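Coordinate-derived values only; no laboratory data. The model shown is predicted, which means the values in this text are computed figures rather than measured ones. No Cβ is skipped: glycine too gets one built from the backbone with ideal geometry, and neighbour counts run over all protein chains shown.
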Amino acid sequence: MENINFKKRTRSSSLKSMLSVDIRRALKSRLVYIILLIALVTPVLMTVMMSMMDGTVSTDPQTGVQTVIHGPENTWQQIGTLPTEGGADASGMDVMAMCNINMAFMGIAVFVCLFISDDFRSGFSKNLFTARARRGDYVISKTLMGISVGALMLILYFIGAILGGAIAGLSFETVGFSFANLVLCMLAKICLMAVFVPIFVLISVAAKRTAWLSIVGSLGGGMLLFMTVSLITPLTATLLHTLLCLAGGVLFSVGLGFASKSVLENTAVV
Amino acid sequence: MNAVEIRGAVKRFGEKTAVAGLDMTVPAGAIYGFIGENGSGKSTTEKMICGLIKKDAGEIRLFGRDYTDEAVRERVGVLIEAPGCFPSLSVFDNMMLAADNLGLEDAEAKVIEMLKLVRMEGAAGNKYKNCSLGMKQRVGIAMALLGEPYLLVLDEPLNGLDADGMRIMREVFLDIVKDGTRTVIVSSHLLSELQKVATHYGIIRHGKMLDEMTADELDADCPTYIGIRCEERGRARALLGIKYSRTEEDEAGFLRVYDNVPTEDVVKYLFEAGIYATEIKRDRISLEEYYIDLMNGGR
């Protein structure tokens with residue numbers, strides 16, 4: 001036993017190995033493909049179905065009041081509320097503003113919670129944390145994975161919205177905003193993922209193997225923030241919106257990342 | 001050098017004290033049989049050694065360094081309770097994840113090598129959830145061995161294995177330590193199996209170390225005896241008690257003579273008294289008997 005030789009891994013190689021674990025797991029797991037497929041298919045189905053229902057009159061059987069169902073008029077309604085003249089309603093916090101690309105923020109909550117709780121439910125966390133003294137690597141890797149998958153969801157939703165719009169024959173006209181605004185709006189949403197994901201990571205590492213608790217906690221806890229997504233990332237987004245989202249993402253990722261690391265260091269990981 | 005040195009370790013879960021001032025010394029290169037009843041603190045101790053739970057007090061050193069030392073941690077392999085595998089992934093993919101975690105170069109070759117060591121190379125493509133219990137345990141050991149650990153912590157690796165599984169596992173244990181660079185801590189309730197491989201023992205009770213010994217010390221403490229089954233057991237026992245210094249009757253109905261005398265002398269002595277032996281054996285007190293005796297305060 002005289003030839004025992006301990007070599008400490010560098011921080012970068014330690015983080016790289018943790019990222020390798022998560023990337024391999026994500027690629028081998030059906031969860032990622034399912035969630036990305038949902039992100040792609042949802043806007044197509046929603047756009048086409050809502051277009052088909054356009055003009056349908058619904059009558060309340062009790063009051064006899066008739067309601068005309070309005071379908072979408074513009075493809076970009078799947079990305080955000082269309083600005084009215086003067087842009088006053090561009091960031092409206094109505095239900096329709098939530099039933100669009102912003103649902104990806106709820107989808108990513110489910111992904112992060114299941115992705116993390118699976119580590120603890122399967123017992124893989126024992127292998128991870130026995131050999132890995134640095135809990136921070138785990139938090140960084142999960143956060144980066146969450147943000148990446150979240151960004152992919154947003155991009156696929158965007159593509160799905162275009163496909164849906166094309167199938168339903170909706171207008172692609174950018175009314176009250178430019179194409180640059182649209183790109184900045186998408187970038188702002190991607191940056192905003194960095195605000196949401198650390199919250200879900202923190203809740204998940206605290207709940208550990210109890211996936212239902214982390215999902216309920218994430219959806220419940222994030223609900224107030226979900227409501228603000230359309231406000232923070234309107235279709236008329238400017239560079240300032242994007243930069244603010246980026247700054248918020250960095251602050252949340254670092255701040256809550258330390259909190260998650262602290263939770264892992266001070267609680268049993270099995 | 002000691003692979004593990006624990007002094008006064010304490011771990012509490014709320015009101016319950018799982019480990020209460022435990023001292024433990026595991027020499028490097030040993031196969032350390034860690035024995036204790038359910039709830040005695042074995043798993044908690046092992047989890048503390050692996051850094052999976054934090055101790056409340058005391059000191060834990062691995063190879064002379066603090067147990068939280070990053071460099072040391074990377075050379076600890078673990079199989080606690082069950083192998084940490086994803087059920088829907090194949091054995092190979094699960095092994096590759098473990099290899100990624102350790103940042104191994106040439107990971108595929110290492111994974112195949114370890115699967116060969118545990119006689120699982122033919123099942124690499126099987127989904128983990130479709131493996132038998134014995135196969136799963138072997139995958140767990142292969143995973144624990146991936147990073148060429150200096151210390152392996154195996155909690156109940158023999159649980160639920162059939163006779164063949166036990167034999168394979170025994171062979172694997174001996175393969176693991178044959179180059180002398182690894183230390184293995186293995187806890188099990190199957191003491192007869194443990195006795196076949198362990199070089200050192202630690203017996204824990206109520207979170208405290210009751211006894212630690214080498215296999216040689218255990219042998220010295222577990223004397224050989226002559227066991228005789230015969231009719232007229234009562235008279236035979238009385239006769240043996242007169243001539244020999246330490247005799248007793250065991251649960252299987254054998255009269256035991258612990259004195260270091262030739263077997264034929266004892267048989268002849270009974271024969272001359274008109275008592276015929278129907279069964280004769282020469283045996284040694286087992287680890288199980290030693291353990292039960294210790295638990296009952298007999299030592």
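Things worth noting here:
- Counting only other chain Cβ atoms within 10 Å of each residue's Cβ, the peptide B:74-81 averages 5.
- The stretch B:2-213 - share of DSSP beta bridges that are antiparallel (%, nearest 5): 55 percent
- Peptide B:93-104 - average C-beta neighbours from other chains (10 Å radius): 6
- Relative to its residue count, the stretch B:36-150 spans a Cα convex hull of 121 Å³ per residue.
- Remark: mean inter-chain Cβ contacts per residue of B:45-54 equal 4, using a 10 Å Cβ-Cβ cutoff to other protein chain atoms.
- Sorting B:Thr247, B:Thr199, B:Thr183, B:Thr68 by the number of Cβ atoms found within 10 Å of their own Cβ, with the fewest placed first, yields B:Thr68, B:Thr199, B:Thr247, B:Thr183.
- Taking every lysine pair in the stretch B:112-253 that is 8 or more places apart or spans two chains, those with Cα atoms closer than 29 Å amount to 10.
- Of the DSSP H helices in chain A, those whose Cα atoms cover at least 18 Å axially and whose Kyte score averages 1.0 or more: A:30-52, A:104-122, A:135-168, A:179-207, A:211-232, A:239-266
- Separation of alpha-carbon centers, the stretch B:104-127 and the stretch B:242-268, rounded to whole Å: 52 Å
- Fraction in percent of alpha-carbon pairs per bin - 5 Å, the stretch A:134-270: 2, 10, 16, 20, 18, 13, 9, 6, 4, 2, 1, 0
- FRET efficiency, B:Asp162 to B:Asn130 (Cβ-Cβ, R0 25 Å, nearest 0.05): 0.90
- Of all DSSP bridge pairs formed entirely within the protein assembly as shown, close to 65 percent run antiparallel.
- Shape metrics for the stretch B:222-295, restricted to C-alpha atoms - Rg then Dmax, Å: 12.1, 39
- By the beta-carbon count within 10 Å of each Cβ, the least crowded to most crowded order of A:Trp76, A:Trp212, fewest first, is A:Trp212, A:Trp76.
- Cysteines in chain A lacking any other cysteine Cβ under 4.7 Å from their own Cβ: A:Cys99, A:Cys113, A:Cys185.
- 5 Å binning of all Cα-Cα separations within the stretch B:2-213, expressed as whole percents from 0 upward: 1, 7, 16, 20, 20, 16, 11, 6, 2, 0
- Long-range amide H partners of B:Ala30 with built H, under 5 Å: B:Val184
- By the Stokes-Einstein formula, at 1.306 mPa s and 10 °C, the protein assembly as shown with its Kirkwood radius over alpha-carbon pairs has D equal to 57 µm²/s.
- Neighbour count of at most 15 Cβ within 10 Å plus DSSP loop: longest trypsin sites (Lys or Arg not before Pro)-free window in chain A: A:9-270
- Net charge over other residues, Cβ less than 10 angstrom from the Cβ of A:Val270 (K, R count +1; D, E count -1): +3
- Above 23 Å, the calculated P(r) of the stretch B:1-92 contains 27 percent of its Cα-Cα pairs.
- Proximal charge balance of B:Ala57 [Cβ under 13 Å; K/R count +1, D/E count -1]: +2
- Net lengthening on full extension, A:Phe258/A:Phe226 (0.36 nm per residue, minus Cα-Cα): 9.2 nm
- log₁₀ of I(q)/I(0) at q = 0.10, 0.15, 0.26 Å⁻¹ - the stretch B:104-191, Debye sum with one point per alpha carbon: -0.24, -0.54, -1.54
- Other residues within the sphere of radius under 10 Å centred on the Cβ of A:Arg24, judged by their own Cβ, net out at -1 (K and R +1, D and E -1).
- Dipole in debye (nearest 20) - the protein assembly as shown, about Cα centre, beta carbon charges: Lys, Arg +1; Asp, Glu -1: 640 debye
- Taking 21 Å as the straight-line reach from the Cα of A:Lys261, the lysines in range (excluding those fewer than 8 positions away in the same chain) are A:Lys8, A:Lys16, A:Lys126, A:Lys142, A:Lys208, B:Lys47, B:Lys54, B:Lys55.
- Using only alpha carbons, the stretch A:14-266 has a radius of gyration to Kirkwood radius ratio (Rg to Rh) of 1.03.
- Residue order, fewest to most surrounding Cβ atoms within 10 angstrom, among B:Tyr128, A:Tyr157: B:Tyr128, A:Tyr157
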